[in-house]
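What follows is a single structure, written as structure tokens, with notes after it.
The values are calculated or read from the model by the stated rules, or taken from the named source; none is laboratory data. Predicted, not measured: the structure shown is a model, and the values here were computed from it. Positions of Cβ are generated from backbone atoms using ideal geometry, with glycine treated the same way; all protein chains shown enter the neighbour counts. Just so you know, the surface numbers come from the protein's heavy atoms only, side chains and all, with ligands and any DNA or RNA stripped out. Shrake-Rupley method; radii C 1.70, N 1.55, O 1.52, S 1.80 Å.
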Amino acid sequence: AGIGKCVATDLARRNARTILACRSWERGQAAVEEIRAATGNPAVVLRLLDTGSLASVRAFASAVLREESRLDVLVNNAGVTGLPFAITSEGLEQTFATNYLGPFLLTNLLLG
């Protein structure tokens, strides 16, 4: 939703293969179908990613590096705000993990 969906739609309109990295399969798949319909680009795909989980980040990056021949643009757009204090299963504060550590790790893993 929001800025991420707008960016993905614009990239798809430019005929780019576009990977939506979403936490929710249902919401992500709905966005994929909407973007495909709006742009006519069938190369819009969904991959699950929770930037608040470093294990999820590692699995996502590994799959992208294995399945994609190249990656030209990475847009780190995920984030949370206003959540109550919580610790992730990996022992990290949830907002810090989601907004900073996850995107930092993802970027570095995808640099190759």
Expressed in nanometres to one decimal, the distance between label points 7 Å along Cα→Cβ at C6 and V45 is 2.8 nm
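Only Lys, Arg, Asp and Glu count, each charged at its Cβ (+1, +1, -1, -1), so figure out the dipole size of the chain about its Cα centre, rounded to 20 debye. Let's see the in-between values first.
Details: 11 positive and 10 negative charges, 59 e Å.
Rounded to the nearest 20 debye, it is 280 debye.
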Quick calc: nm separation of the 7 Å Cα→Cβ label points for L74 and L109 -> 1.0 nm
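Take the Cβ-Cβ distance between E26 and L83 as r, set R0 to 22 Å, and report the resulting FRET efficiency rounded to the nearest 0.05.
With a Förster radius of 22 Å, E is 0.60.
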accessible surface per residue for region 27-85, probe 1.4 Å, DNA/RNA/ligands not counted, whole Å² -> 62 Å²
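Using a 1.4 angstrom probe on heavy atoms only, work out the carbon and sulfur share of the accessible area of region 1-48 in %. Spell out each step's value before the answer.
Numbers: 1600 of 2990 Å².
Its accessible area is 54 percent carbon and sulfur atoms.
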Residue-normalised 222 nm signal for the chain, counting each DSSP H run of n ≥ 4 as -39,500 (n - 2.57), nearest 500 deg cm²/dmol, is -14000 deg cm²/dmol
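Provide the net charge surrounding L106, with neighbours chosen by a C-beta distance below 12 Å and charges set as Lys +1, Arg +1, Asp -1, Glu -1.
On the way: positive: R47, R58; negative: D50.
That works out to +1.
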Of 80-93, 50-63, ordering from highest average Cβ density within 10 Å down gives 50-63, 80-93
Semi-axes of region 40-112 from the Cα gyration tensor (sqrt of 5 times each eigenvalue, largest first, whole Å) come to 25, 14, 10
Given 67-77, 13-23, the highest-first ranking by average Cβ count within 10 Å works out to 13-23, 67-77
